[in-house]
Amino acid sequence: MELSLSIASFPLDAETAGEMERLIGGEPEQCRTLLQNELWQKPFAKGFAVLAYTDSGELVACAAAADLVGVHHYEWSAFVSPDYRRLGLATALADGVQHSLAQRGAESELAAFIENEATDAWLMSLGYNRSFQELQFEADPLPAYELAEGMEVIPYEEKHLDELEVLLCAAFDESVLPVLEHNLADPERQVYVMRQNGKLIATATMSMEDQAMWLTALAVSPDAQRSGYGQIFLHWARHAAHEKDLARVLIEVETENRAWPVYEKAGFSKLYTISYWQRPLQ
């Protein structure tokens, strides 16, 4: 049997996206998430898919890479149909990803996979090293929740920009500013700010996917930490999901972030661990 690889840029045409959906249709939801399925057909998405076909035209493996915040940094993952996993297809997909990254002038990359002993060994054989890990948390929507007097969570307005940039840089570092710029420009993401008596004390970005609310870039002002504001924001988000008739709230946090127990206290449960791997671009 002969197999061939092709590369398709985002946005994918409906036929290709449909083939990929059918390929991973019976797989756990996290497979779709890691393959960036919500971006495949978005007109503004920057990324590509590497596709492996049999000589009869059947799609049996794929990889997808996306420049998530428009700074020439790509995250990618791959999937191979179980019947074809002993043919070296995963390595061929990885080679295809590397070739396309070089063509696109990528400045960095991360390979994202669910923590798994066999996958870890394969990535290390390709020269990758684990960069960091993230825990994914899930919570049900919260039917009722009220903020304390003097506190509000509202959509970002331009007048908040200076104060928001200061908060984010203090909570992370200046590398977060391109992420903020991307979140503000993306029509499918909404930045929210929490204020107490007019002072900005926390922020997060909200997006919707498959009846789920995703929270990213959650940050609390350093001078307001350890005061329960993170839990308050998370409870508010769960209630917002209920009001939007969504099924759940999802958030990811690095395992080295000592604040992750806050999510459990706010009613979130761990789902799985994602490992992010990196190697110098070829």
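Just a few scattered comments:
- Count of residues meeting criterion [basic (Lys, Arg) and either open to solvent by less than 10 Å² (accessible area, probe 1.4 Å) or closer than 16 Å to LEU123 by Cβ (or both)] in the stretch 90-107: 0
- Filtered by the rule that a residue be farther than 18 Å from TYR229 by Cβ and either exposed (fewer than 14 other Cβ atoms within 10 Å of the Cβ) or modelled with pLDDT of 95 or more (or both), the stretch 185-203 gives ALA185, PRO187, GLU188, GLN190.
- Check on LEU35, in contact with a Cys (Cβ under 9 Å, 6 or more places away or on another chain), under 21 Å from GLN278 (Cβ atoms) and not charged (D, E, K, R): yes
- Each residue in the stretch 49-80 was checked for being among the small types (Gly, Ala, Ser), surrounded by fewer than 18 Cβ atoms within 10 Å (Cβ to Cβ) and in contact (Cβ under 8 Å) with a residue 40 or more places away in the chain, and 1 pass.
- Test: residue in the stretch 204-221 that is without any contact (Cβ under 8 Å) to a residue 60 or more places away in the chain, surrounded by fewer than 18 Cβ atoms within 10 Å (Cβ to Cβ) and charged (D, E, K, R): no
- Number of the condition not met by THR33 [criteria: (1) part of a helix (DSSP H, G or I); (2) over 20 Å from SER125 (Cα atoms); (3) over 18 Å from the mean Cα position of the chain (by Cα); (4) among the β-branched types (Val, Ile, Thr)]: (3)
- Scanning the stretch 218-260 for residues that are at pLDDT below 90 and of a type in the set (A, V, I, L, M, F, W, C), we see that the one that is nearest to THR33 (Cα to Cα) is VAL253.
- When residues of the stretch 245-263 are limited to those that are open to solvent by 30 Å² or more (accessible area, probe 1.4 Å) and in contact (Cβ under 8 Å) with a residue 60 or more places away in the chain, the one nearest to the chain's Cα centre (by Cα): GLU252
- Note on the stretch 1-33: residues that are at pLDDT 95 or above, of a type in the set (A, V, I, L, M) and open to solvent by 20 Å² or more (accessible area, probe 1.4 Å) total 5.
- Some residue of the stretch 226-243 being under 19 Å from GLY150 (Cβ atoms), open to solvent by 50 Å² or more (accessible area, probe 1.4 Å), without any contact (Cβ under 8 Å) to a residue 24 or more places away in the chain and more than 15 Å from the chain's Cα centre (by Cα): yes
- Filter result for PHE268 (within 30 Å of TYR128 (Cβ to Cβ), out of contact with any Ser or Thr (no Cβ under 7 Å at 6 or more places or on another chain) and surrounded by 15 or more Cβ atoms within 10 Å (Cβ to Cβ)): yes
- Residues being within 22 Å of ALA170 (Cβ to Cβ), out of contact with any helix residue (DSSP H, G or I) (no Cβ under 9 Å at 6 or more places or on another chain), of a type in the set (Gly, Ala, Ser) and assigned to a helix (DSSP H, G or I) - total across the stretch 225-282: 1
- For the stretch 1-25, taking the residues that are over 21 Å from the mean Cα position of the chain (by Cα) and assigned to a loop (DSSP other than H, G, I, E, B), the one that is nearest to ILE114 (Cα to Cα) is identified as ASP13.
The values are calculated or read from the model by the stated rules, or taken from the named source; none is laboratory data. All values derive from a computational prediction rather than experimental measurement. Note that we place each Cβ from the backbone using ideal geometry, even for glycine, and neighbour counts take in every protein chain shown. Protein only, heavy atoms only, side chains kept; ligands, DNA and RNA dropped before computing areas. Shrake-Rupley method; radii C 1.70, N 1.55, O 1.52, S 1.80 Å.
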